[in-house]
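A short write-up of the structure that comes next.
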Amino acid sequence: MPTDAGYGESSIERVVNIRRCAAVVKGGRRFSFAAMTIIGNGKGKAGWGYGKANEVPPSVEKANKQAARQMVEISLQEGTIPHAVRGKYGAGQVLLMPAGPGTGIIAGAAVRSVCEAAGIKNILTKSYGTNNPITLVKATFQALSQLRTRQDVERLRGVPLS
């Protein structure tokens with residue numbers, strides 16, 4: 001569902017997680033909310049954000065702003081990733097493997113939202129360790145930041161393009 005939310009050309013927004021925190025005060029409980037969102041352009045750029053506020057809509061808005069600031073470029077190759085990669089953040093590990101055309105996105109909810117926002121069409125994933133969506137999103141971005149296409153590696157090594 002591409003929407004134009006002011007974060008560049010048609011952007012894709014996904015709310016991954018909303019958490020409620022309670023502080024016990026004299027008059028009862030005071031609630032605050034934390035939201036994690038992902039924004040991508042569907043063409044190889046995506047970012048995640050985490051926002052906190054006393055109400056849900058402002059927390060989502062803060063998270064979207066942070067996600068737009070933290071957008072990173074992701075190397076894609078024909079709708080999938082160039083090679084298998086493993087990302088780790090805290091107790092969460094994510095294994096991402098390229099898949100052939102027509103496979104689709106085989107992933108859990110948190111990793112799926114990152115892949116959709118980034119524009120990955122065919123991918124196989126497996127998560128190990130924790131199933132905390134916030135940790136899995138961070139591990140997924142850590143894995144995606146390691147991706148290099150053949151042209152990227154040749155340019156970095158100074159090898160003439162074949």
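Please work out, to two decimal places, the log10 of the ratio I(q)/I(0) at q = 0.10, 0.17 Å⁻¹ from a Debye calculation in which every Cα of the chain carries one identical scatterer.
Reported log10 I(q)/I(0), two decimals: -0.40, -0.98.
Tell me, what % of the accessible area of the chain is carbon and sulfur with a 1.4 angstrom probe?
Within the chain, the accessible surface is 52 percent carbon and sulfur.
Before I look further, what does the stretch 16-162 give for accessible area per residue, probe 1.4 Å, in whole square angstrom?
Normalised by residue count, the accessible surface of the stretch 16-162 is 55 Å².
Could you work out Rg/(2.2 N^0.38 Å) for the stretch 20-82, with Rg from alpha carbons only?
1.55
Please tell me the relative contact order of the stretch 10-147 in percent, rounded to the nearest whole number, where contacts are Cα pairs under 8 Å and at least six residues apart.
Numbers: 354 pairs, mean separation 32.3, N = 138.
About 23 percent, as a whole number.
Could you compute the FRET efficiency for His83 and Val15, with r as their C-beta to C-beta distance and R0 at 41 Å, rounded to 0.05? The partial results should precede the final answer.
On the way: r = 30 Å, r/R0 = 0.74.
For R0 = 41 Å, the calculated efficiency reads 0.85.
Once you put a point 7 Å from the Cα of Asn131 and another 7 Å from the Cα of Asp152, both along the Cβ direction, what distance in nm separates them?
For the pair Asn131/Asp152, the computed spacing is 3.1 nm.
Could you grab the Rg to Rh ratio for the stretch 79-162? Cα atoms only, Kirkwood for Rh.
1.03
Quick one: pull the percentage of alpha-carbon pairs in the stretch 119-162 with a separation above 14 Å.
Details: 608 of 946 pairs.
The calculated P(r) of the stretch 119-162 puts 64 percent of pairs beyond 14 Å.
Hey, which of these cross-link pairs are over 27 Å Cα-Cα: Lys62/Lys126; Lys43/Lys88; Lys26/Lys65; Lys45/Lys138?
Lys62/Lys126; Lys26/Lys65
What distance in nm separates the simple spin-label points at Asn54 and Arg29, each placed 7 Å from Cα in the Cβ direction?
With each label placed 7 Å out from Cα toward Cβ, I get 1.8 nm.
The values are calculated or read from the model by the stated rules, or taken from the named source; none is laboratory data. The model shown is predicted, which means the values in this text are computed figures rather than measured ones. Glycine also receives a Cβ, built like all others from the backbone with ideal geometry; neighbour counts cover every protein chain displayed. Heavy atoms of the whole protein, side chains included, go into the accessibility calculation; ligands, DNA and RNA do not. Shrake-Rupley method; radii C 1.70, N 1.55, O 1.52, S 1.80 Å.
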